[in-house]
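Working notes, beginning with the structure itself.
The values are calculated or read from the model by the stated rules, or taken from the named source; none is laboratory data. If you're wondering where the values come from, they're calculated on a predicted model, not measured in any experiment. We place every Cβ from the backbone using ideal geometry, glycine too, and count neighbours over all the protein chains shown. Remember, those area values only see protein heavy atoms, side chains included, never the ligands or the DNA or RNA. Shrake-Rupley method; radii C 1.70, N 1.55, O 1.52, S 1.80 Å.
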Amino acid sequence: MDDTLERVILLDEQGQPCGAAPKHTVHHADTPLHLAFSCHVTDESGRVLMTRRSLAKKAWPGTWTNAFCGHPQPFEPVPDAVARRAEDELGLVIADLRLVLPDFRYRAVDASGVVENEVCPVYTARAVGAQVLDPEEAMDARWVEPHELAAALQAAPWAFSPWLVLQARELSAADGHITAAAWRREGER
């Protein structure tokens, strides 16, 4: 979807919709609270898809992060937006979509001063087929073992997007210590 046509859903402090605005006007030094989503993708062998944000991104360019994030459009169900964004950004079909952190909310400031201020439900999904990156969105991708990703996030959280680090901590459910459990599917040990 063309960034000039894409809209974000603005939220009040209680997280309730209170309007919409063009996406290209929302992210700046005083970004209003808005609705987003984040998705962590695994493959059949349980590896986690990491992407490196395009250098063209307004915030956190070139930073390694989870598979993809995005914004639902007004009146678009969030699961539909997740599937749409997986295909738009990564050329990826996803299956087994599951909401894992329904109330995740964060605010972070990029080195450039751009603020992310989002209520951002977090999903997990399984990849069906290979990814084909949109270079405007992601400049690189890697499949990594969950324990290697957990170790990297613990050792060097500053090298990754802040939302990835915060989400991994919450998904690990281990007193803030990031573990491979963050990316295990239900029923896996």
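Please note which strands (runs of 3 or more DSSP E) are completely contained in the range 1-42 and include at least 1 residues that are of a type outside the set (S, T, Y), open to solvent by less than 30 Å² (accessible area, probe 1.4 Å) and under 26 Å from W64 (Cα atoms).
On the way: elements: 7-11, 17-22, 37-42.
Those strands (runs of 3 or more DSSP E) span 7-11, 37-42.
Can you go through L166, L149 and tell me which one is open to solvent by 60 Å² or more (accessible area, probe 1.4 Å), modelled with pLDDT of 95 or more and within 24 Å of E118 (Cβ to Cβ)?
From the options L166, L149, the qualifying one is L166.
Is at least one residue of the range 45-62 among the aliphatic types (A, V, I, L, M), in contact with a Gly (Cβ under 7 Å, 6 or more places away or on another chain) and within 22 Å of V114 (Cβ to Cβ)?
Yes, the range 45-62 contains a residue that is among the aliphatic types (A, V, I, L, M), in contact with a Gly (Cβ under 7 Å, 6 or more places away or on another chain) and within 22 Å of V114 (Cβ to Cβ).
Residue-wise test of (1) in contact (Cβ under 8 Å) with a residue 12 or more places away in the chain; (2) among the basic types (K, R); (3) out of contact with any Gly (no Cβ under 7 Å at 6 or more places or on another chain).
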| site | (1), (2), (3) |
| --- | --- |
| L97 | yes, no, yes |
| V100 | yes, no, yes |
| P121 | yes, no, yes |
| R126 | yes, yes, yes |
| E148 | no, no, yes |
| A168 | yes, no, yes |
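All but one of (1) under 30 Å from Q14 (Cα atoms); (2) open to solvent by 70 Å² or more (accessible area, probe 1.4 Å); (3) assigned to a loop (DSSP other than H, G, I, E, B) hold for P135; state the number of the condition that does not hold.
(1)
From R126, R107, grab the single residue that is modelled with pLDDT of 95 or more and either in contact with a Ser or Thr (Cβ under 8 Å, 6 or more places away or on another chain) or assigned to a loop (DSSP other than H, G, I, E, B) (or both).
Selected residue: R126, the only one of R126, R107 that is modelled with pLDDT of 95 or more and either in contact with a Ser or Thr (Cβ under 8 Å, 6 or more places away or on another chain) or assigned to a loop (DSSP other than H, G, I, E, B) (or both).
Scan the range 128-139 and report the pairs whose first residue is farther than 18 Å from R47 by Cβ and whose second residue is open to solvent by 50 Å² or more (accessible area, probe 1.4 Å) and not in a strand (DSSP E or B), with Cβ atoms within less than 6 Å and a gap of 6+ or a chain change.
Note: pairs meeting the criteria are E136/A56.
Name every residue in the range 144-167 that is more than 13 Å from I178 (Cα to Cα), assigned to a helix (DSSP H, G or I) and among the small types (G, A, S), in order of residue number.
Listed by number, the list holds a single entry, A159.
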